[in-house]
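Here's the structure, in structure tokens; my notes come after.
The values are calculated or read from the model by the stated rules, or taken from the named source; none is laboratory data. In this text the structure is predicted, and so the values were computed from the model without any measurement. Cβ coordinates were reconstructed from backbone atoms using ideal geometry, including for glycine residues, and neighbour counts include every protein chain displayed. Just the protein is used for accessible areas: all its heavy atoms, side chains included, with ligands, DNA and RNA removed. Shrake-Rupley method; radii C 1.70, N 1.55, O 1.52, S 1.80 Å.
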Amino acid sequence: MAPQYAPSLRSRLPLVAFLLETIFILLFFFFVKIEQHESDSKLFIRSYAEFQDIHVMIFMGFGFLATFLVRYGFSGSGFNMLLAAMAIQWAVLMNGFLLPQRHHRRGIHISMKSVIEAELCAASALVAMGAVHGKTNPVQLLLMALVEVTGFVINQWILRTLLSADPLYSIMMLHIFGALFGVMVSWVLHREGINPKHEKEKIDRSTGLFAMFGTLFLWMFWPSFNSALVPQRLEKELKLTVIYGTYLSLAVSVVMAMSVSMLTSSTGKMNMVHIQSSALSGGVAISVAMTAVHEPWIAMTIGFCAALLSALGFQYMKDHMLFAFECHDTCGVLNMHAIPGILGWFAHLFLRLASSESTIAVRFAVYHICVFLITVCMSLVMGTATGLFLKWSFWRPQQDRKCFDDQAFWEFPNLVVRV
């Protein structure tokens, strides 16, 4: 008798994908045009190089990083590609409709800058995907990505409209928004069958190595990720400061991640999963604080603290979250993105307060806190609502025993059972 797999998605995934792509094509036909003239050739070449770096991060960095589970490599990389491709298209439209000051008044014009913005929005959706990794089917992930991108762009619109927030600052809240959004979805979709740990939620040497490739891609190109939207002409010094600061913060994070992992291990050895994620925490933290960081030692201190908190979170916090709140965070996005992002937010606040007069400092503190509270509230509310929507049995979620398993969605000719 053939083995029992997850319910077939033949009547769900193709229909949803065809419908969404048809809608996107129509919207692009009526509203989107290609920018025919960039400002100058040298600036375009630099922007394209940064776009390539971010492109590699989105599809290869996040894709390889998601292959760490033994039986979920196809789904980790494949679903990452599916979500990113769909989210980028939707983000181009959402940015054009809700953030018109970023584009021309009539229609949406695609430029290097607009595509980079769309990829950063897609990165936020991929962060959220990490929290439900292995526990959702591709239809649920597609819908989740669309809602997450919509919520993130709306959050940017609120920050820029009500608080006149800097566009660079508002978009770099993607780590906090995406992580908290994903954690709330995971909390609503919690499965009793994966307590305390699913039998297939484990890694081996080959999957750990592939995931490490993803970490290396992300680590190498993170300076471009943080600096791509910093204006080259008007703020050349700030762009260089962001690049150097991000690199130094990442370098310190690697050293601290390995040290803390070995220090907290009961066997005195390093944990590859902790290092794969905590080594990137410095880049996350500095992205939120980068406009206020002007000294190398400050960037290095932020990377030091971010890696310390992230590694300790992976060692102690993940299991306690599952036990206390019934929240299963597969990839540990709370420790990799949310906590370092919040640390960067605190660093940004303290650095600005230290360099400002009392009156200006109070006004900035109020503004800074409002930005954080709005972002957190939006992510928590939309994540909860999305989780409730995805919990509907119509989307045919896989059984508990088929979580973290590629066989639920992918063909394996060598495993076909012929009756």
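Here is how the numbers come out for the structure above:
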item	result
Helix-only mean residue ellipticity at 222 nm for the chain, each DSSP H run of n ≥ 4 adding -39500 (n - 2.57), per residue, nearest 500	-22000 deg cm²/dmol
Accessible carbon and sulfur surface of the stretch 53-156 relative to its total accessible area, %, 1.4 Å	68 percent
Exposure ranking of Leu174, Leu19 by accessible area [1.4 Å probe, largest first]	Leu19, Leu174
Entries in Lys33/Lys239; Lys135/Lys318; Lys113/Lys236 that, when Cα-Cα distance is taken, lie over 23 Å	Lys33/Lys239
Theoretical gain in end-to-end length, Ile34 to Leu98 [0.36 nm per residue, Cα-Cα removed]	21.2 nm
The stretch 262-419 - percent of accessible surface contributed by carbon and sulfur, probe 1.4 Å	69 percent
Test item: Cα-centred dipole of the chain, Lys/Arg +1 and Asp/Glu -1 on Cβ, debye	500 debye
Computed accessible area, Tyr244, all protein chains, 1.4 angstrom probe, square angstrom	140 Å²
Accessible surface ranking that places the most exposed of Ile88, Ile369, Ile45, Ile108 first, with a 1.4 angstrom probe	Ile45, Ile369, Ile88, Ile108
Volume in Å³ per residue [convex hull over Cα atoms, computed for the stretch 115-193]	84 Å³
Most to least accessible of Cys327, Cys370 (protein chains only, probe 1.4 Å)	Cys370, Cys327
Cβ-based net charge around Ile88, under 15 Å, with every Lys or Arg adding one and every Asp or Glu removing one	-3
P(r), alpha carbons of the chain - 20 Å bins starting at zero, rounded %	27, 59, 14, 0
Note, ³J(HN,Hα) from phi for the stretch 341-358, Karplus 6.51, -1.76, 1.60, rounded to Hz, x at Gly and Pro	x, 5, 4, x, 5, 4, 4, 4, 4, 5, 5, 5, 5, 5, 9, 10, 6, 4
Size of charge dipole - the stretch 220-376 - debye, nearest 20, with Cβ of Lys, Arg +1 and Asp, Glu -1, no other charges	240 debye
Residue-span extension gain [Leu216 to Phe325] - 0.36 nm each, minus C-alpha spacing	36.0 nm
Amide H contacts under 5 Å for Val32, placed H, 5+ residues apart	Ile108
Rough spin-label spacing in nm, given labels placed 7 Å along Cα→Cβ, for Phe74 and His109	4.6 nm
